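The values are calculated or read from the model by the stated rules, or taken from the named source; none is laboratory data. Everything quoted here is computed from the prediction, not taken from an experiment. Positions of Cβ are backbone-derived with ideal geometry, glycine not excepted, and every protein chain shown enters the neighbour counts. These accessible areas exclude ligands, DNA and RNA; they are computed on the full protein's heavy atoms, side chains included. Shrake-Rupley method; radii C 1.70, N 1.55, O 1.52, S 1.80 Å.
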Amino acid sequence: YEELEDYAGIGFKYPWIGATFSLFLLSLAGFPPTGGFLAKFYVFSAAVNKGHISIVIIGVIASLISVYYYLRVVVYMYMREETHPVDIHTDNPALLMVLFLCLYGVLQMGIFPGNILILIKHLALTLGF
């Protein structure tokens with residue numbers, strides 16, 4: 001799908017695909033409780049701790065601008081009529097499993113980040129960082 005109009009109506013025609021895609025876009029925008037919020041929080045807080053305030057301000061402004069573009073896709077999925085038929089093969093169990101695992105990871109990082117942060121610290125120590 002290359003045009004924004006290609007996503008029109010997907011949220012109602014394929015509710016699970018639309019919901020997971022919407023949550024992925026919200027995570028990219030940095031909304032809590034998703035992993036994207038946690039990632040942006042740690043990146044911006046690390047930059048503040050190093051004294052790079054100007055970079056943080058630019059990053060926050062860029063994040064605010066990106067919210068418009070991410071939410072625009074969500075608006076098209078749920079608030080626009082379908083212009084031409086879109087066929088997504090949802091009968092593939094592997095697709096549903098991958099979507100579920102990715103959705104679980106995004107929400108796990110946002111709601112319970114401690115578990116994954118302990119794993120990351122352990123891996124960093126093991127690799128010698």
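Measuring from label point to label point, each 7 Å out along Cα→Cβ, what is the residue 49 to residue 126 span in nm?
Distance between label points: 2.3 nm.
Normalised by the residues of the chain, what does the relative contact order come to in percent, with Cα pairs under 8 Å and at least six apart?
In percent, rounded to a whole number, it is 39.
Modelled label-to-label distance, residue 41 and residue 63, 7 Å Cα→beta-carbon offset: nm?
1.0
In Å², and per residue, what accessible area does segment 23-104 have when probed at 1.4 Å with the other protein chains present?
Counting only protein heavy atoms, the per-residue value for segment 23-104 is 70 Å².
With runs of 4+ DSSP H residues as the only contributors, calculate the mean residue ellipticity of the chain at 222 nm using -39,500 (n - 2.57) per run, divided by the residue total and rounded to the nearest 500.
The helix-only estimate for the chain comes to -24500 deg cm²/dmol at 222 nm.
So if I place +1 on the C-beta of Lys and Arg and -1 on the C-beta of Asp and Glu, and nothing else carries charge, what would the dipole magnitude of the chain be about its Cα centre? I want it in debye, nearest 20.
Values: 6 positive and 8 negative charges, 168 e Å.
Using Cβ point charges on Lys, Arg, Asp and Glu, the chain gives about 800 debye.
Considering only protein heavy atoms and a probe of 1.4 Å, how much of the accessible area of the chain is carbon and sulfur, as a whole percent?
Roughly 73 percent, rounded to a whole number.
Tell me which of 49, 70, 14 sits at the most positive position along the dipole axis of the chain, charges placed on C-beta atoms (Lys, Arg +1; Asp, Glu -1).
Sorting the options by dipole projection puts first 49.
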